[in-house]
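Right, one structure below, let's go through it.
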Amino acid sequence: MHEVRWMNEAIQLAYRNVESGNGGPFGAIVVKDGKVIGTGVNEVTSHNDPTAHAEVQAIREACRLLGSFQLTDCDIYTSCEPCPMCLGAIYWARPRAVYFSFDRGEAASIGFDDAFIYDEIGAPLEQRRIPMHRLQGDTAEDPFVLWRTSHGRVEY
Ligand SMILES: [Zn+2]
């Protein structure tokens, strides 16, 4: 069951992140069994890390705490609708649900427009803004074959 107090906490993280000059106006928390197990704020500029979005940071912290690569039975509360990168991370983390407050339109109105990434996903490779080319290697090592036959693999 979602609770507004968790959303308020995510929004407050976002607010304080701007106040402190740490990064963009985004905060996220991961909640499990009524407890916060991970928090994150946007630290792209302060950490020189383009992947340091609030949701990714919160997912990393929660997974570290749980000692797991997925967020079973967890809820993510994020101050803003996730961007495509975070959406991907969320799907890999497999939480129970995601709640967001501000939406992508509101984010776009203050300069955080991620619509172009959604467009890129749908665009053919040769029409993307960043050229993406398939280049097959000629090494004999095949990691896919090794994975398929590996007994020690941990599937996810
Ligand atoms: Zn993001």
Going by accessible area, probe 1.4 Å, with all protein chains left in place, what is the ranking of His151, His53, His133, largest first? His151, His133, His53
The rounded separation in angstrom of the Cα centers of the stretch 117-141 and the stretch 1-66 is 31
Nothing charged except the Cβ atoms of Lys and Arg (+1) and of Asp and Glu (-1): what's the magnitude of the dipole of the stretch 31-156 about its Cα centre? Round to the nearest 20 debye. 400
Using only the alpha carbons of the chain, determine the length spanned along each of the three principal axes and report them from longest to shortest in whole angstroms. 54, 39, 28
Accessible-area order (highest first, 1.4 angstrom probe) of the listed residues Leu66, Leu135, Leu146: Leu135, Leu146, Leu66
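Per 0.36 nm of contour for each residue apart, how much would the distance between Asp49 and Ala108 grow if the chain were fully extended, relative to their Cα-Cα spacing?
Gain on extension, Asp49 to Ala108, equals 19.2 nm.
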At a probe radius of 1.4 Å, what is the per-residue accessible area of Asp138, in Å² to the nearest 10? 150
Under 5 Å between amide H atoms, partner at least 5 residues away or on a different chain: which partners does Arg94 have, H built in plane at 1.01 Å? Leu71
How many nm is it between the label spots at His151 and Glu126, if each spot is 7 Å from the Cα in line with the beta carbon? 4.8
Measuring from label point to label point, each 7 Å out along Cα→Cβ, what is the Tyr99 to Glu19 span in nm? 2.2
Would you calculate a helix-derived [θ] at 222 nm for the chain, using -39,500 (n - 2.57) for each DSSP H run of n ≥ 4 and dividing by the full residue count, to the nearest 500? -11500 deg cm²/dmol
Accessible area, 1.4 Å probe, largest first: how do Trp92, Trp147 sort? Trp92, Trp147
To the nearest 10 square angstrom, how much accessible area does Arg5 have with a 1.4 angstrom probe? 130
In the stretch 1-70, what chymotrypsin sites (Phe, Trp or Tyr not before Pro) fall in a loop by DSSP, with at most 13 other Cβ atoms inside 10 Å? Phe69
Explain nothing, just compute: Karplus ³J(HN,Hα) = 6.51 cos²θ - 1.76 cosθ + 1.60, θ = phi - 60°, for every residue of the stretch 111-128 in order, whole Hz, x for Gly and Pro. x, 10, 9, 10, 4, 5, 6, 4, 5, 5, 4, x, 7, x, 3, 6, 9, 6
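The values are calculated or read from the model by the stated rules, or taken from the named source; none is laboratory data. Note that the structure is predicted; figures quoted are calculated from it, not measured. Counting neighbours? That spans all protein chains shown, and the Cβs are built from the backbone with ideal geometry, glycine included. These accessible areas exclude ligands, DNA and RNA; they are computed on the full protein's heavy atoms, side chains included. Shrake-Rupley method; radii C 1.70, N 1.55, O 1.52, S 1.80 Å.
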